[in-house]
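S.K.: The structure that follows is given in the form of structure tokens.
Bear in mind these aren't lab numbers, they're just calculated from the coordinates by the rules spelled out. Everything numeric here is computed off the predicted structure, so don't read it as measured data. No Cβ is skipped: glycine too gets one built from the backbone with ideal geometry, and neighbour counts run over all protein chains shown.
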Amino acid sequence: MPEVKLACGQVVSVEEGASWADVAAAAGIEAVAALVDGELRDIRDPIQEGRTVKLLKLTDPESLDVLRHTAAHILAQAVRRLFPGVKLAIGPAISDGFYYDFDFPSPITREDLPRIEEEMKRIVAEDLPVERVFLPRAEAEELLKKEGEVYKLELLSEIPDERISFYRQGEFIDLCRGPHLPSTGLVRHFKLLDLAGAYWRGDATRVMLTRIYGTAFPSAEALEQHLKWREEARRRDHRRLGPELDLFSIHNDTIGAGLVLWHPKGARVRHEIETFWKERHFEGGYQLVYTPHIGRARLWQTSGHLDFYREGMYSPMDVEGQEFYIKPMNCPFHIAIYKSRTRSYRDLPIRYAELGTVYRYERSGVLHGLLRVRGFTQDDAHIICRPDQVEEEIQRVLRFALSLLRTFGFSEFSAHLSTRPAKFVGAPEDWDRATEALRRAIEAEGLDYDVKQGEGAFYGPKIDIDIEDSLRRAWQLTTIQFDFNLPERFDMTYVGEDGREHRPYMIHRALLGSLERFFGILIEHYGGAFPVWLAPVQAVVLPITEGQIPYAEEVAGKLAAAGIRVEAWTRGGKTLRYLIREAQLQKIPYMLVCGAREAGSGTAALRLRTGEDLGPQPIEGIISRIQAAIASRGPEL
């Protein structure tokens, strides 16, 4: 009899041909799936050898994808019952829930979601067994044709197997490789969230489908917590806060989708970010450069962009018979600066940095506020160095990145190391040296990291750094990328100690990613309540009556002279309660209330945007407090 050793140490004996369900029954475990060497397996699958085998209960985190995948099938079954003639596309589990794409005979709206959800609850209450069925390819094709499932037929045509996996629950059957829960009755805690349009296979030339989003959890408490988290995320959404706080706007109809207008307040925050960024780069030995927004076609031909990235570039323009392209990247210009004169080994390393605005064509369906745009400013830099300088430069960059991100209020980081793919340029020994330099830098900083084996770009290995925001969402920001391709394409050289020409190493490096995306992340991280040093308006002076307007303007003048961004709200007709509420909505850190008593004593009643009332304070004391908060670059008021 075969024996299976579980990760918990238990050894279970089963009959030949047993399934993971048989193993679970013998072990006395109410399992819904198996995890074999890190891969999810359907509980109905026959057992197979594995170094580590874990039988998963419904409450195990690893079961979440199985639970949500089954919820997606329940959603599809409910839609089928309610909307005859609907066509099914795909319905996977995703990071925070699930979705299913449908082709409806006539449009549905968000008002239809409660009705669909009620039908899902009925299917759960029916506690239908979920069965796995394998059909011969011809029989599978006949079934899908009979149902008119054109999208499933397209998917079937791409499956090489002769035995095709389906899952059945009651009257519903779906082409699917699984895994799924044993029955619909296990999906007790779910919620439909939204619907949106989605192109079939993500192709804008294909039909637009209706995507219904939902989420599911093993307990009511976990579902409730997630829904509260979603509400907080909605409250912090930069697409809502940006216009509300008068930070930025995007005008799809008049200017163009994915093109951002920075309003004065948003521009002020950007100015503070850029100023700090430049100061730190000068301190770090970088040289600031500026480059054009367009370049001749021959430049992009040499760089390879026209061969490998043309679909992401905007159409060329004719300038006196020459083709020019708007730049999608800054690197070829930085290389041109390097090549403008002969470089010696003594000149290296050279670190060029630029806040360079680039333009890339993104399909309208993927644009998302500031997080995915068509025109954006990269905090770009390129380090050109000798092979013996690589390790130190990588360590410098990584320390620099973490220091910069910590200043902006991020403290949780993880890293991903992407290594050499099957097809690559450059010498294997150069790849090995670069990869080890990246690995040692990550480990020296004590970062958690994983290795994405073979997922590096063809031109070099890289590190990606994820930060965690206040809602514990991960955002990929910093990238440190080796490039063995462009130095060859542009014939970059330096004169070594031996008097001969040598090929330098080149490292692409972005710390914040892009200013637009980073600003969007900052808005959501702080919920629009920026630290004092970044706040577009740091203080507002509020006279109680018109009689205190001169004094309020005098106080505002003192704060402005001390370098504080301040406004005096001296327009009449608004009550003090209204003004305080407005200042709080605008998330202004400090409110200085000036009445007759304060004007007579040379003070101001200090209130914080948190609602805390600190009472009358000397003006100089208030100024010192605000200056200290600015200088600290911390979150404290």
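S.K.: Within the stretch 360-403, list the residues whose amide N lies under 15 Å from a label point set 7 Å along Cα→Cβ of I337.
M.R.: Within reach of a label on I337, which here means backbone N under 15 Å from a point 7 Å along Cα→Cβ, the stretch 360-403 contributes 378-385.
S.K.: At a Cα cut-off below 21 Å, give the lysines reachable from K54, other chains included and same-chain residues fewer than 8 away excluded.
M.R.: Candidates past the 8-residue exclusion: K5.
S.K.: Evaluate the relative contact order of the stretch 63-236 (contact order divided by residue number), counting alpha-carbon pairs under 8 angstrom at least 6 apart; express in whole percent.
M.R.: 28 percent
S.K.: Between E142 and E612, what FRET efficiency comes out of the Förster formula 1/(1 + (r/R0)^6) with R0 = 56 Å and r the beta carbon distance, rounded to 0.05?
M.R.: Between E612 and E142 the formula returns 0.20.
S.K.: How high is the relative contact order of the stretch 457-608, given as a whole-number percent (alpha carbon pairs under 8 Å, six or more residues apart)?
M.R.: It comes to 17 percent, rounded to a whole number.
S.K.: Let me ask you something else. What length, rounded to one decimal in nm, is gained on full extension from A596 through to L471, with 0.36 nm per residue of separation minus their alpha-carbon distance?
M.R.: Result for the pair: 40.6 nm of gain on full extension.
S.K.: Total Lys pairs in the stretch 63-236 closer than 27 Å by alpha-carbon, pairs eight or more apart in sequence or interchain only?
M.R.: Number of lysine pairs found: 10.
S.K.: Using 0.36 nm per residue of separation minus the Cα-Cα distance, give me the extension gain between Q301 and L155 in nm, one decimal.
M.R.: Once the chain is fully extended between Q301 and L155, it gains 48.9 nm.
S.K.: Separate question: With n ≥ 4 as the cut-off for DSSP H runs, can you work out [θ] at 222 nm for the chain, using -39500 (n - 2.57) per run divided by the number of residues, rounded to the nearest 500?
M.R.: Calculated at 222 nm, the ellipticity per residue is -10500 deg cm²/dmol.
S.K.: What number, in percent, do you get for the relative contact order of the stretch 298-429 if the mean sequence gap of Cα pairs under 8 Å and at least 6 apart is divided by its residue count?
M.R.: In percent, rounded to a whole number, it is 19.
S.K.: Hey, which of these cross-link pairs are over 31 Å Cα-Cα: K265/K327; K278/K558; K278/K339; K452/K587; K57/K462?
M.R.: In this structure, K452/K587; K57/K462 exceed 31 Å between Cα atoms.
S.K.: I'd like the distance between the alpha-carbon centres of the stretch 150-206 and the stretch 493-545, rounded to an integer number of Å.
M.R.: Between the Cα centres of the stretch 150-206 and the stretch 493-545 lies a distance of 42 Å.
S.K.: In nm, to one decimal, how far is the R577 label point from the R122 one, both placed 7 Å along Cα→Cβ?
M.R.: A separation of 5.1 nm, rounded to one decimal place.
S.K.: On to the next question. Ranked highest first by average number of other Cβ atoms within 10 Å, how do 132-141, 40-49 line up?
M.R.: My ranking of the peptides, most packed first, is 40-49, 132-141.
S.K.: Also, quick follow-up: Please report L522, L143 as a ranked list, fewest other C-beta atoms within 10 angstrom at the top and most at the bottom.
M.R.: With the fewest neighbours first, L522, L143 line up as L143, L522.
S.K.: Be a star and scan the stretch 338-375 for residues whose amide nitrogen sits under 14 Å from the point 7 Å along the Cα-to-Cβ vector of T493.
M.R.: Flagged as within label range: 339-345.
S.K.: On a 0 to 90 degree scale, rounded to 10, what angle separates helix 619-632 from the longest Cα axis of the chain?
M.R.: Once rounded, the angle reads 50 degrees.
S.K.: Now for a different question. Sort 533-543, 578-588 by packing, meaning the average of other beta carbons within 10 Å per residue, with the highest value first.
M.R.: Averaged packing, sorted descending, gives the order 533-543, 578-588.
S.K.: Nearest 0.05, what FRET efficiency do E274 and A427 give at R0 = 41 Å with Cβ-Cβ as r?
M.R.: 0.60
S.K.: Turning to a different aspect of this structure: Over all directions, how big on average is the projection of the convex hull of the alpha-carbon atoms in the stretch 539-632, in square nanometres?
M.R.: Spelled out: convex hull of the Cα atoms, projected over all directions, averaged, 5.4 nm².
S.K.: May I pose another question? Given 20 Å bins starting at zero, what is the percent of C-alpha pairs of the chain in each, up to the one with the largest pair distance?
M.R.: Reading the bins upward from 0: 15, 38, 35, 11, 1.
S.K.: Another question, if that's okay. Using label points projected 7 Å from each Cα along Cα→Cβ, tell me how many nm separate H263 and R399, to one decimal.
M.R.: 4.2 nm
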